[in-house]
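The structure under discussion appears below in the form of structure tokens.
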Amino acid sequence: MSLTGVAFALFLPLVLGAYWLLPRRAVLQNAVLLLASLGFYLSWSPEWLLLLIFGTVLDFGLAQVVADERRPTGVRRLALGVAVAANLGALLWFKYVGFLTDAMHALFAAAGLPSSATAMAVVLPLGLSYYTLIRIGYLLDVHHRRIAPSRSLLEFATFVMFFPQIIAGPITRAGRMLPQLRDARRLDPTRVAQGANAFLLGWWMKGYLADWIAPALVEPVFADPGAAGAAAHWLALGGYAVQVFGDFAGYSLLAIGVAALLGLELPVNFDRPFLSRSMPEFWRRWHISLNTWLFDYLYGPWVTGTGWLRGRIALTLVLVFALSGLWHGARWTFVVWGLLHGLALAVHHGWDTWYRARCRVDRRWVTARKHAAYALAAWLLTQAWFLGSLILFRAEDLGSVGRFLRGLLGQGTGFPAEMDAITLVNCAVAFGFIVVHHLLALPAAERVRSLGARTPAALRGIFYGGVIVWLLVFAPLGRGTFIYAQF
Amino acid sequence: MSHPSTPIDRVPRPATTWRRLAVTVLFAVGTLVAADRVAWWLAPPAHLREVEDAMRELETGDPTVLAIGSSHGRTFAVIDDSIRARSAGRERILAVPVEWGKLTAYAWVLRHRLLPVLDETDADGRPRRRSLRRAIIITEWWDSCPYGSPLRNLPARSWTWQHYIADVRQHGLTAYNNNFLGYRWSRFWHGSALVQDRGQRRLLTAVRQRLAPASAEAQQANFEVQTAMWRKMVEDGASCIGSAPEMDALDWMVDTLQARGLEVTVLLYPRMPATLSERAKATTLPQFAGLVRAAVGPKGVSVIDLTTSAPLTDADFGADFDHIVRAGNARLAGWALDGPFRFLLESRP
């Protein structure tokens, strides 16, 4: 069931009712959450529920061994190795076996050698990419003594399978979630208000923005790249940026909102990424939970560890982002997309190091960096790089990337479909919302923000009512799929 | 890098109280209700007869004629009013409209919804509904073309909760069975014009009509675009008519109804004159009529072809160029009961 669908509109009140009406004890609340999560997962992917349960129980058990200081170090390391290998093994098998066999086949064919590798099509269990990272993060945190292992299977399973986040994140950390699940949750009006607010904003971004833009501007052009005119291609690319942001940031807000209604706090996943003026800043604002995971568990240990990558910042950045690309999907377009971003981060690192050296010698370099022209150029470069990389993110294969690029340069003509006035208005609203949403986060908008925060309850209610009316009139029917749920 | 712990919204808000929250909700609901009233005034939702309405009537009644078809079947609800008046209630038509249905969908409704009720018996083992003597299958060329997508209106308009639960148990929650839930959700909010307008755009059309009514030229241009689209669609139909699953469904329905002793008639539904080109009249339409006659003629089923012969003008059809408006249906009912459907008023020999 989709978080914006009718089934969820029936499911959520039932869960909230059971959750808050039962005696407020942690064990009961966790039991309700676990049952709800099992039901939620069952509704999506019943055939893979056992895999999820088995992996959860295995990780719970092995984490006890990892944390048990009475056991020899070798045994504890072995337990960690087995648990991480089991998680990665499942991810590799389900997500990459087809990709790897295809690649092997192509490699053999290129070398003129006969290949017995047959293409394998394995169905990806829903949420595997997300819960694998959540569980590995937990195991590593226990191993490094950052957290104590959970002593309750109920609590641990509730954390891993928590239904708002299991399909597409945010990728939560045990250190943040387990303490919340350990104590009974109390109904708090501020949190309820925040939850409802986040849920409505998420619905707006996913159910309206993303779902309007996609069929109107994006899909018709990407369906036949290069055929339409340059304007259609540029609009499709800009539209896709809005779509993917609305889709994923919207999903994250829906998950955060539902969690808040249950008295739990999930991490923020997006923080106005289109304000970024450098790629590192961009990745601190976009899919934050994935990137902090990659930096905390891969980049950090590799660069500061004792291995060959120690101190090799640029190379590690490229490597980590290539893996990030691969995590998004078993396709060469994603790998190249990741490599491009790793490269951008490495180049930025080099530039930053060089520039800082200049600044130490001559203060005029510091002044130049604070100049509006520098900020504008940095912003343009960052956003253009991200926008350009989205072609790889959206395209089915590298061939269509080339065709789309030629389309951007004006190879084709016209628009693939005529747009009526309503579509035009809604596309304008979608773009306008993204601009306002970002501008409101600027320091210059402080007064507007505080005015919004002090708005009387009645006016706030009228505003929310108006938003719901707008959604009822304009949000399209029947598009419940989330882009990031496919990863 | 530390884990982000920014609040949900970057804007720091003062702590909310339950009272403030209640006021917010109250005003939000008030806004919704007010907007809904305005929507009612602009574009009141029309209640359309559905399979569910027919089932309710069947469960409490005893019709003499069963008429099943797509949304076009609603015409027979109007004919029912006329025939009841003319026969002093002796003849009663049960109109079963399966919205956006085709022959396979009608067969599903017949098999899973109608027959279990029609075959009910009393304590002595005698049929509880003994008056049913005739059946009319309402169809047109489109019904015999294969569905390009799953029959998503079947779960929406024809399933019961039992069918839904059985499907969920077998396949889990799917986009297909979600149509049932979506439709039930919409029916639950039948008092809301805003909910009923979802996906219809009647409200936006009404607003546009009030703010900037279309000029006569614009209306004429729209008429020409629409008719051209319809003409092409009907002409193209020649390449898809007669698909095996749909024709098999027609065959099965005729056999099933005849096996229950019913006199079966197939009606080829009238079309808006402007939407039919000479080419369509020479290809798709006669070819489809020929297919139907070949399929059901040998079984003794009469075929009434009103595609082009009903005395309807373009003005008798609605803005969708597909459905007959109420006045048109009333005119058609009067004409049909004096003409090709006169036999409905006669006792079956």
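The values are calculated or read from the model by the stated rules, or taken from the named source; none is laboratory data. Remember, it's a predicted structure, so these values are computed and weren't measured experimentally. As a convention, Cβ positions derive from the backbone with ideal geometry for all residues, glycine included, and neighbour counts pool all protein chains shown.
Quick rundown of the values:
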{"quantity": "Residue count, the stretch B:157-202 (criterion: among the small types (Gly, Ala, Ser), at pLDDT 90 or above and assigned to a helix (DSSP H, G or I))", "calculated": "3"}
{"quantity": "Helices (runs of 4 or more DSSP H) contained entirely in the stretch B:258-349, each with at least 1 residues that are in contact with a strand residue (DSSP E or B) (Cβ under 7 Å, 6 or more places away or on another chain), buried (at least 18 other Cβ atoms within 10 Å of the Cβ) and of a type outside the set (D, E, K, R)", "calculated": "B:284-296, B:326-338"}
{"quantity": "Hits in the stretch A:58-74 - residues which are of a type in the set (Val, Ile, Thr) and either assigned to a loop (DSSP other than H, G, I, E, B) or surrounded by 13 or more Cβ atoms within 10 Å (Cβ to Cβ) (or both)", "calculated": "A:Val65, A:Val66"}
{"quantity": "Odd one out for B:Gln170 among (1) of a type outside the set (Asp, Glu); (2) within 14 Å of another protein chain (Cβ to nearest Cβ); (3) under 25 Å from B:Leu66 (Cα atoms)", "calculated": "(3)"}
{"quantity": "One residue from A:Leu91, A:Leu38 being touching a helix residue (DSSP H, G or I) at 6+ places or on another chain (Cβ under 6 Å) and in the same structural domain as A:Val160 (by TED's automatic domain parsing)", "calculated": "A:Leu91"}
{"quantity": "Residue in the stretch A:391-400 that is in contact with a His (Cβ under 8 Å, 6 or more places away or on another chain), assigned by TED's automatic domain parsing to the domain that holds A:His328, over 30 Å from B:Ala28 (Cα atoms) and buried (at least 17 other Cβ atoms within 10 Å of the Cβ) present", "calculated": "yes"}
{"quantity": "Which listed residue, of A:Leu343, A:Leu376, is surrounded by fewer than 19 Cβ atoms within 10 Å (Cβ to Cβ) and closer than 28 Å to A:Ala106 by Cβ", "calculated": "A:Leu343"}
{"quantity": "For B:Leu132: the one exception among (1) more than 14 Å from every other protein chain (Cβ to nearest Cβ); (2) part of a loop (DSSP other than H, G, I, E, B); (3) within 20 Å of the chain's Cα centre (by Cα)", "calculated": "(3)"}
{"quantity": "Single match in A:Val473, A:Val425, A:Val469, A:Val435 (criterion: of a type outside the set (S, T, N, Q), closer than 30 Å to A:Ala227 by Cα and within 14 Å of another protein chain (Cβ to nearest Cβ))", "calculated": "A:Val425"}
{"quantity": "Contacts under 7 angstrom Cβ, first residue in the stretch B:160-185 being in contact (Cβ under 8 Å) with a residue 12 or more places away in the chain, partner of a type in the set (Lys, Arg) and outside any helix (DSSP H, G or I), 6 or more apart", "calculated": "B:Tyr176/B:Arg152; B:Asn179/B:Arg152"}
{"quantity": "Sole residue being basic (Lys, Arg), modelled with pLDDT of 90 or more and touching a Leu at 6+ places or on another chain (Cβ under 9 Å), chosen from B:Arg92, B:Arg74, B:Arg111", "calculated": "B:Arg74"}
{"quantity": "Residues that are aliphatic (A, V, I, L, M), surrounded by fewer than 19 Cβ atoms within 10 Å (Cβ to Cβ) and touching a Leu at 6+ places or on another chain (Cβ under 9 Å), drawn from the stretch A:149-184", "calculated": "A:Leu154, A:Ala184"}
{"quantity": "Criterion violated by A:Ser2 - all others in (1) away from chain B (no Cβ under 13 Å); (2) surrounded by 19 or more Cβ atoms within 10 Å (Cβ to Cβ); (3) within 23 Å of the chain's Cα centre (by Cα) satisfied", "calculated": "(1)"}
{"quantity": "Test: residue in the stretch A:227-235 that is out of contact with any strand residue (DSSP E or B) (no Cβ under 9 Å at 6 or more places or on another chain), buried (at least 24 other Cβ atoms within 10 Å of the Cβ) and away from every other protein chain (no Cβ under 14 Å)", "calculated": "yes"}
{"quantity": "Residues of the stretch A:87-105 satisfying the condition of being buried (at least 17 other Cβ atoms within 10 Å of the Cβ) and under 22 Å from A:Ala67 (Cβ atoms)", "calculated": "A:Asn87"}
{"quantity": "Residue match in the stretch A:386-398 (condition: part of a helix (DSSP H, G or I) and among the β-branched types (Val, Ile, Thr))", "calculated": "yes"}
{"quantity": "Residue list for the stretch A:10-49, filter: surrounded by fewer than 20 Cβ atoms within 10 Å (Cβ to Cβ), under 18 Å from A:Gln180 (Cα atoms) and small (Gly, Ala, Ser)", "calculated": "A:Ala26, A:Ala31"}
{"quantity": "Residue match in the stretch A:220-231 (condition: in the same structural domain as A:Thr413 (by TED's automatic domain parsing), outside any loop (DSSP other than H, G, I, E, B) and either modelled with pLDDT of 95 or more or closer than 30 Å to A:Leu187 by Cβ (or both))", "calculated": "no"}
{"quantity": "Residue ID - nearest to A:Leu477 (Cα to Cα), chosen from residues in the stretch B:199-211 that are free of Cβ contacts under 8 Å to residues at least 60 places away in the same chain and more than 10 Å from chain A (Cβ to nearest Cβ)", "calculated": "B:Gln209"}
{"quantity": "Residue under evaluation A:Trp20, criteria (1) more than 23 Å from B:Leu181 (Cβ to Cβ); (2) away from every other protein chain (no Cβ under 14 Å), criterion not met", "calculated": "(2)"}
{"quantity": "Wholly within the stretch B:10-123, helices (runs of 4 or more DSSP H) carrying at least 1 residues that are within 19 Å of B:Ile138 (Cα to Cα) and away from chain A (no Cβ under 14 Å)", "calculated": "B:51-60, B:75-87, B:103-109, B:115-118"}
{"quantity": "Helices (runs of 4 or more DSSP H) wholly inside the stretch A:421-474 that include at least 1 residues being in contact with a helix residue (DSSP H, G or I) (Cβ under 8 Å, 6 or more places away or on another chain) and touching a residue at least 24 places away in the same chain (Cβ under 8 Å)", "calculated": "A:421-439, A:457-474"}
{"quantity": "Residue list for the stretch B:58-98, restricted to those being charged (D, E, K, R), touching a residue at least 12 places away in the same chain (Cβ under 8 Å) and more than 16 Å from B:Asp322 (Cβ to Cβ)", "calculated": "B:Glu59, B:Asp62, B:Asp80, B:Asp81, B:Arg86, B:Arg90, B:Glu91, B:Arg92"}
